[in-house]
1. Put a dot 7 Å past each Cα toward the Cβ at Glu88 and Glu138; how far apart are the dots in nm?
2. Which value in nm describes the separation of the simple spin-label points at Ala161 and Arg102, placed 7 Å from the Cα toward the beta carbon?
3. Full extension from Ser52 to Glu114: what is 0.36 nm times the residue separation minus their Cα-Cα distance, to one decimal in nm?
4. Roughly how tilted is helix 133-142, in degrees to the nearest 10 and between 0 and 90, from the longest Cα axis of the chain?
5. Using r as the Cβ-Cβ distance of Ala65 and Val25, and R0 as 30 Å, what FRET efficiency do you calculate, to the nearest 0.05?
6. Using only the Cα atoms, what convex hull volume per residue in Å³ does region 47-105 have?
7. Evaluate the charge dipole of the chain about its Cα centre and quote only its size in Debye, nearest 20, assuming +1 on the Cβ of each Lys and Arg and -1 on the Cβ of each Asp and Glu.
8. Measuring from label point to label point, each 7 Å out along Cα→Cβ, what is the Glu74 to Val148 span in nm?
Amino acid sequence: MEPLFSHGSQPDPSEEGVQAPPARVYRLSVPAPREIAFSAFVGDIHLWWPSSYTGFGPTTHAYVADGVIGEESESGETQVWGEVREEEPPSFVEFSWTLAWRPDAPTRVGVEFEELPDGGTLVTFTHDGWARGAEGREQYEKYSEWPVILGRYAAYFGVSAEAVETVA
């Protein structure tokens, strides 16, 4: 039977039944209260985000502001990495994620901040929402260097980059 609307999108038969890749999950503890850990992740991203993972290089300014996560060049050009989908300070922030990918095919990045008995914070970072099939596999492979990036966040608190644990 033909589809009712010929212009409607049809799944690629070669991708039917192909599941999306699993979530990438990382965890680390930082020696700071949850409010500070959250604020550093969101408000001080320009201080810890590695410039080698930006579009504009060493003079870029990464930011989370006005519902956007992105960067601004020295000359004022901007590049959007994604949008803030949900924010519950100091417990949780979620972004749609399109850095160096098509804006119409975002993935999801969620970061949880949990108080620890010693006054520190357990940070759990999850990247998921991959497309199905070949595109999802490409996304999954592209975004494989989170331990390096999160290692810089750990270093911001004086914690070794090796403290970033791959959970899944």
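1. If labels sit at Glu138 and Glu88, their model points lie 3.5 nm apart.
2. 3.2 nm
3. On the way: separation 62, 0.36 × 62 = 22.32 nm, distance 2.89 nm.
Length gained between Ser52 and Glu114: 19.4 nm.
4. 20 degrees
5. 0.65
6. Each residue corresponds to 91 Å³ of Cα convex hull volume.
7. 320 debye
8. Output for this residue pair reads 2.3 nm.
Any read-out appearing in this document is the output of simple, stated calculations on the displayed coordinates, not a laboratory observation. On a predicted model such as this, the values are computed, not experimentally measured, just so you know. Positions of Cβ are backbone-derived with ideal geometry, glycine not excepted, and every protein chain shown enters the neighbour counts.
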